[in-house]
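For reference, the structure is listed below as structure tokens.
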Amino acid sequence: MNQGLLLVVSGPSGVGKGTICRALEAMDSSIHLSISMTTRPPRKGEREGLDYFFLSEERFQELIKKDELLEWARVYTYYYGTPLRPVMEARTAGKDVILEIDVQGGFKVREKCPDSVLIFVFPPSIEELRARLRKRGTEDPVALEARLCWAREELRCYGRYDYVVVNDKVEEAVKKINAIRTAEKCRSRRNLGMEQLEE
Ligand code: 5GP
């Protein structure tokens with residue numbers, strides 16, 4: 001069985017990456033959405049093991065030392081990281097794995113796994129992003145401005161990603177990412193050994 005794809009989905013906070021990734025996972029059982037570890041405290045309604053694994057900074061450092069994270073980064077004031085083992089297991093089982101991570105993490109994944117596919121989700125505009133973050137209401141005004149500031153930095157990184165998807169409508173963004181998956185699976189380098197069919 002072919003190894004599943006490793007898809008990195010990044011984009012500024014509030015752009016709707018989470019909604020897109022969850023919609024992708026819900027519509028296709030061959031997609032595995034990675035659950036990250038974080039030292040950020042849970043927001044209202046967030047569930048352990050479903051949204052994140054919430055842990056102490058001490059425990060997080062331990063995981064880094066033990067090399068149990070595929071990548072990790074400090075985003076704003078907290079640590080975030082991708083547990084390595086579930087990603088490897090899902091890919092080996094032929095599932096496509098989605099990592100919803102920031103750009104620092106995206107670049108680390110590209111370094112470690114050159115066959116990964118990097119997708120950058122863009123907001124229709126910065127004004128729209130600000131409006132979405134406000135509507136979400138999960139950040140106080142200071143944290144919201146910090147996120148917008150970091151968003152501008154992140155937006156500059158899109159050129160190092162393989163694909164750009166503007167999240168105007170979630171269904172359209174989901175369709176585009178599915179189209180990217182299909183195209184990536186058709187790449188000749190992912191289908192070596194086809195010539196044996198000739199006989
Ligand atoms: P939030 O606190 O809003 O859930 O996430 C903040 C940022 O951290 C988002 O850009 C999100 O994509 C990123 N993030 C979430 N999990 C990970 C991870 O495992 N690794 C990295 N590098 N970034 C992550």
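FYI, it's all coordinate maths here, none of it is from the lab. Being a predicted model, the structure only gives us computed values, none of them experimental. Cβ placement follows ideal geometry from the backbone for every residue including glycine, while neighbour counts extend to all protein chains displayed.
Here are the numbers for this structure:
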| quantity | calculated |
| --- | --- |
| Relative contact order (percent, whole number), the stretch 62-199, Cα cutoff 8 Å, 6+ residue spacing | 19 percent |
| Estimated 222 nm signal from helices in the chain, with DSSP H stretches of n ≥ 4 weighted -39500 (n - 2.57), rounded to 500 | -12500 deg cm²/dmol |
| Sorted by Cβ neighbour density within 10 Å, fewest at the top, the residues Glu128, Glu184 | Glu128, Glu184 |
| Mean Kyte hydropathy of 0.0 or more with a Cα span along the axis of at least 20 Å, helices from DSSP in the chain | 141-155 |
| Principal semi-axes in Å for the stretch 6-187 [√(5λ), Cα gyration tensor, largest first] | 23, 22, 15 |
| Built amide H within the under 5 Å cut-off of Glu71, gap 5+ | Thr82 |
| Magnitude of the charge dipole, the chain, Cβ model with Lys/Arg +1 and Asp/Glu -1, debye to 20 | 380 debye |
| Count, lysine Cα pairs under 16 Å in the stretch 6-187, 8 or more residues apart or across chains | 8 |
